[in-house]
Amino acid sequence: MKLTKSSSLTVLSVISVSGLLTGCGASQAASTHHHVVHQTSSTRTQSSSAQTAPSSASPSGIPTSDPFGSAAWSSALQHQLAQQLHDRIGPLDIVPVSSQWGFPAHSVLVFEPLAVHQQFYYAVVQKNHAVHWQHFSNQVTTIPSAVASKVPQPLFRAMHYAMLMQQGVTETPTLGNTIPWNTITGNVGNPVAIVAYYSPAAYGLPASLSITTYVPIHWKNLQDAGFDKVSLPNGHFVGFAVSAPVNSSSWQIQQSFYAVAPQDLSQDLPQTPAQGDFLIPHSR
C-alpha cells in the first residue's frame, strides 16, 4: 500500500524516440509510492483530435490571494481548466520539480491525471507568472517528435514506456515478482491516466518523484490470458511507474506492474485539491 501521494512521450518509431532520449539512463533510486484515495471517471477518454500540437490559454479568475501551490490555488486552476475544456475535470496533480529536469527555477508541474478527450493537459507554472495550459495526445504511437520534445521529462518518460509496451518492445525479461514485462507488451492500449507520487527526503534517501501510468490490457488470444502466474482479464488496467530522485535526470521503471479493475482506477486519482498538492504545508 502506498503511504503518501506524490512519464515519457512517444514518437512515430522507436528510433525517433531513442534520439529524443539520449542521455537518459537508469536511476538507482526509486521512490516509495504513497496511496491516496481520489475520485474521477475512467470513461472520459472520448473523441477529439489525437495529434494536436500543444496549445495555451491565458489564465482567468485565479485568486492572487491564494498561496502559490496551495489547495485553494489548485482548485482555482482546476476550475480554469474545466472552463477552457468545457468539461468537468478532477483535481489536479501539483508537484515540485527540479532544474535537473529542464524546469525553470521555483516552478511546479501541474497536470490533470485523466486524459480528457484523448489529451493529457499540463502546465509548468512559476510563482506570480501566467498559467499556460498545454496538452499532448494519449495516442502514444502517433505523437510527432516536435510535440514530444516539449513534454516535461517526467510525463515524457512514462509515455515512452507505454509506447514500448504497445509496440511489443522488451524492456527487461521480468520486473519484480508480479507481472512479467513480456506478458504485457503488445497487449495494451493507450494510457488513460498518469498519476504523480512525491516522496520527500527522509532516512538518508533523496526526495523523489514517481509517475504511475495506467494502460488497458487486451489479450489478442483469450487462451493466452492465463498462461502466466498472473491472469489479467480483458478490460483491466495495468499500472507501472517511472521514478527519479529530484536532483537526478535519470529515470527508471518501478519494479512491478499491477492490475487495476476499471471501477478501482479512481482510488489512485486525486479526490480533493489538497490530495493532489505536494507543496503543503503552506502559510495561510
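For the reader, a short list of remarks on this structure follows.
- Shape of region 83-138, Cα gyration tensor, a/c cut at 1.5: prolate
- Region 110-165 - Kirkwood radius from inverse mean 1/r over Cα pairs (Å): 12.0
- Per-residue extension of 0.36 nm, minus the Cα-Cα distance of residue 271 and residue 169, leaves a gain of 33.3 nm for this segment.
- For region 209-216, 3J(HN,Hα) computed residue by residue from phi via the Karplus equation (6.51, -1.76, 1.60; θ = phi - 60°) reads 10, 10, 10, 9, 10, 10, 10, x Hz, glycine and proline entered as x.
- Amide hydrogen neighbours beyond the local backbone of residue 277, cut-off 5 Å, H modeled: 94
- The figure for residue 73 is an accessible area of roughly 20 square angstrom, using a 1.4 Å probe on the protein chains alone.
- Each residue, residue 99 and residue 130, gets one label point 7 Å from its Cα in the Cβ direction; the gap between the two is 2.6 nm.
- Simple label model, 7 Å out from Cα along Cβ direction - residue 182 to residue 247, nm: 4.0
The values are calculated or read from the model by the stated rules, or taken from the named source; none is laboratory data. Model, not experiment: these values are computed from the prediction. Here the Cβ is made from the backbone with ideal geometry for all residues, glycine too, and neighbour counts use every protein chain on show. These area figures cover heavy atoms from the full protein model, side chains too; ligands, DNA and RNA do not enter into them. Shrake-Rupley method; radii C 1.70, N 1.55, O 1.52, S 1.80 Å.
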